[in-house]
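The values are calculated or read from the model by the stated rules, or taken from the named source; none is laboratory data. Keep in mind that what you see is a predicted model, and the values were worked out from it rather than measured. Cβ coordinates were reconstructed from backbone atoms using ideal geometry, including for glycine residues, and neighbour counts include every protein chain displayed.
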Ligand SMILES: Nc1ncnc2c1ncn2[C@@H]1O[C@H](COP(=O)(O)OP(=O)(O)OP(=O)(O)O)[C@@H](O)[C@H]1O
Ligand code: SF4
Ligand SMILES: [Mg+2]
């Protein structure tokens with residue numbers, strides 16, 4: 001098991017190096033180049049040359065990449081120009097990352113907590129009205145654009161009905177103590193339960209909006225996978241031993257049926273990051289997604305670089321965790 | 001004293017039947033399809049300690065019969081009629097939960113393909129102990145030594161290590177031994193083995209059959225042995241029921257039936273077995289045609305199109321099942337008894 005994790009960690013380093021190369025090349029291909037981005041289109045050739053030299057842009061490409069890597073490893077990507085002008089780009093990322101992580105975590109939690117049980121129930125009641133209804137529902141879930149759904153939820157439950165807050169992560173007047181940057185967790189740690197509750201209320205609508213697509217996907221994969229596993233010989237063997245429904249469901253059906261679901265969850269994190277950009281915009285969430293959206297419109301390349309690289313690394317880390325979870329469930333992967 | 005008890009337990013076939021299948025009929029009723037009768041009025045008895053064979057070609061209803069006895073047929077799209085008496089109780093009228101209590105405790109079953117019949121993500125040990133936990137109310141911890149003992153008993157070397165192993169780490173023969181250990185963990189009185197050796201090498205086949213024989217003889221378990229290959233069970237069974245297209249066509253004790261098969265189908269099955277003591281150059285004669293040629297039993301003999309000696313009445317009237325002591329036969333024109 002340890003060797004398995006070590007091997008996957010090494011693979012991860014490789015993936016991150018390739019990713020950094022991609023980000024580097026993307027930087028080089030920016031319209032007008034970095035120099036124009038900094039000096040503007042109308043700079044004199046002399047000033048351009050001076051800056052190029054100062055930035056090391058007159059060096060061969062591989063030297064530049066090496067410089068870029070060295071700086072990247074130290075977290076130096078320059079200052080933000082658009083999102084929070086003057087602030088270090090890495091700093092911008094670090095400040096906002098917990099917000100996005102908290103939102104994504106709750107979204108994924110919703111998606112898993114609803115998708116797996118419903119998928120299992122739909123499969124066990126194949127072709128019943130419940131099954132048909134939930135399949136249609138999940139289709140709608142995939143089809144509705146996240147942006148639109150976020151607006152609808154906000155309009156109905158926040159603006160019209162006043163059930164839940166319209167935007168932000170927490171009521172600033174609560175003046176809650178910050179520990180980790182995860183507001184619900186902070187509230188629990190500091191025993192400021194009203195703050196935790198308020199943060200939770202702020203989380204409901206955006207995480208529901210963000211959860212729909214992963215929920216629909218997890219639901220459908222679980223349903224299909226449970227249907228497959230139910231027909232397996234080993235489930236019949238389990239029945240022939242007279243085991244209780246509970247044991248057959250958990251140990252013999254779900255433990256096998258969840259293997260493809262786990263893989264799906266890992267892949268969903270990519271979509272989750274994209275969805276976060278849209279959802280955070282609607283709810284003024286103040287996370288990475290919102291920063292990326294602003295950085296795009298204001299050409300804040302430093303922030304974009306950091307966010308893209310870190311998002312990619314997050315994606316890779318989560319898939320590593322998924323692989324480990326997979327190996328924990330499936331002994332055949334472990335011993336291969 | 002012990003001697004006589006042993007005797008009645010292992011060879012005392014005169015006792016009341018332990019399992020008595022009466023007119024078992026299983027009809028698949030799929031929506032939009034013609035009802036299909038897979039098992040058609042099958043009756044047979046199994047006494048304590050007895051080994052009864054259920055023999056026939058693929059598709060003749062062997063597995064459906066065994067699943068019906070176990071209460072493992074799908075809930076929907078199936079009609080099951082007749083009786084399956086176990087110690088006097090009709091299993092077919094028992095509730096789902098009552099059957100769940102009996103499976104693994106009173107009735108055990110082992111299946112054809114050992115690899116696909118084992119859960120790939122659960123250690124072998126847990127797959128054995130879970131039966132003991134369920135039916136004996138033991139904790140996992142208390143059940144583990146018993147599971148180890150069981151694995152040892154079915155001839156799995158180094159059972160301590162194997163408890164923690166997963167199915168893919170075992171060889172084919174070992175997997176089937178593990179399945180046998182699971183089925184016998186709670187010492188059920190009836191064990192149904194549905195083609196337990198079909199997926200195994202010839203040498204392993206013999207080992208598994210020897211093991212089954214030894215286990216049922218030691219414990220007095222009644223064994224229902226299902227196979228399409230008469231040769232495989234020749235040394236194991238006491239009585240044989242030959243099944244064709246859902247009906248029993250011939251029955252008898254092993255020796256008389258092997259020596260003098262009366263039904264042309266049984267005769268055909270026996271002549272298609274390669275014999276070790278057969279003269280060299282003796283041709284094996286497989287039965288011509290296939291199940292798809294069958295006639296409906298309603299007013300003919302289903303086997304008629306493939307039969308070596310049909311007469312006119314065979315395609316006009318259903319042959320009755322005529323019992324004569326331990327022998328029974330369903331044929332208008334049986335094979336002559338040769339002397
Ligand atoms: N769930 C089902 N739905 C419809 N028909 C079925 C079902 N299960 C079995 N049958 C049919 O019942 C008949 C008997 O099947 P069964 O599995 O008992 O055959 P078998 O004698 O065990 O053959 P084999 O040697 O191939 O295992 C077959 O024609 C099969 O197609
Ligand atoms: S009844 Fe007729 S067709 Fe059927 S097995 Fe006997 S002889 Fe052959
Ligand atoms: Mg079968």
### Query
Could you say whether any residue in the range A:123-139 is within 20 Å of the chain's Cα centre (by Cα) and surrounded by fewer than 19 Cβ atoms within 10 Å (Cβ to Cβ)?
no
### Message
Exactly one condition in (1) within 8 Å of chain A (Cβ to nearest Cβ); (2) without any contact (Cβ under 8 Å) to a residue 40 or more places away in the chain; (3) within 18 Å of residue B:186 (Cα to Cα) is false for residue B:169; which is it?
### Response
(3)
### Task
Determine which member of the set A:235, A:217 is in a helix (DSSP H, G or I), surrounded by fewer than 22 Cβ atoms within 10 Å (Cβ to Cβ) and modelled with pLDDT of 95 or more.
A:235
### Query
Just one of the numbered conditions (1) more than 13 Å from chain A (Cβ to nearest Cβ); (2) under 28 Å from residue B:128 (Cα atoms); (3) within 16 Å of ligand 3 (Cβ to nearest atom) is not true of residue B:55; which one?
(2)
### Query
Hey, among B:71, B:49, B:82, which residue is within 14 Å of chain A (Cβ to nearest Cβ) and more than 11 Å from ligand 1 (Cβ to nearest atom)?
B:71
### Task
Identify, from the list B:194, B:201, B:218, the residue that is surrounded by fewer than 17 Cβ atoms within 10 Å (Cβ to Cβ) and farther than 30 Å from residue A:333 by Cβ.
B:218
### Message
Let me spell it out: the conditions are (1) more than 20 Å from residue B:212 (Cα to Cα); (2) free of Cβ contacts under 8 Å to residues at least 12 places away in the same chain; (3) more than 10 Å from chain A (Cβ to nearest Cβ), and residue B:152 meets all of them except one. Which number is the exception?
### Response
(1)
### Query
Out of all the residues in the range B:264-271, is one or more more than 16 Å from ligand 1 (Cβ to nearest atom) and at pLDDT below 85?
yes
### Residue that is nearest to ligand 1 (Cβ to nearest atom), among those in the range B:306-317 that are assigned to a loop (DSSP other than H, G, I, E, B) and surrounded by 17 or more Cβ atoms within 10 Å (Cβ to Cβ)
B:307
### Query
Which of the residues that make up the range B:130-140 are away from every other protein chain (no Cβ under 11 Å) and either at pLDDT 95 or above or touching a helix residue (DSSP H, G or I) at 6+ places or on another chain (Cβ under 6 Å) (or both)?
B:138, B:140
### Message
One residue is enough: does the range B:172-180 have a residue meeting the conditions in contact with a strand residue (DSSP E or B) (Cβ under 7 Å, 6 or more places away or on another chain), away from ligand 3 (no atom under 16 Å from the Cβ) and under 25 Å from residue B:49 (Cβ atoms)?
### Response
yes
## Note on the structure
Expected single match for out of contact with any helix residue (DSSP H, G or I) (no Cβ under 8 Å at 6 or more places or on another chain), within 14 Å of chain A (Cβ to nearest Cβ), at pLDDT below 95 and at positive phi among B:77, B:87 is B:77
### Query
Which members of the range B:185-207 meet the condition of being within 14 Å of another protein chain (Cβ to nearest Cβ) and within 16 Å of ligand 1 (Cβ to nearest atom)?
B:192, B:193, B:194, B:195, B:196, B:198, B:199
### Query
What residue, among those in the range A:237-287 that are within 30 Å of residue A:153 (Cβ to Cβ), within 14 Å of chain B (Cβ to nearest Cβ) and touching a residue at least 40 places away in the same chain (Cβ under 8 Å), is nearest to the chain's Cα centre (by Cα)?
A:262
#### Entry: Residues of the range B:28-67 satisfying the condition of being part of a loop (DSSP other than H, G, I, E, B) and either within 16 Å of ligand 2 (Cβ to nearest atom) or at positive phi (or both)
B:32, B:49, B:56, B:57, B:59, B:60, B:61
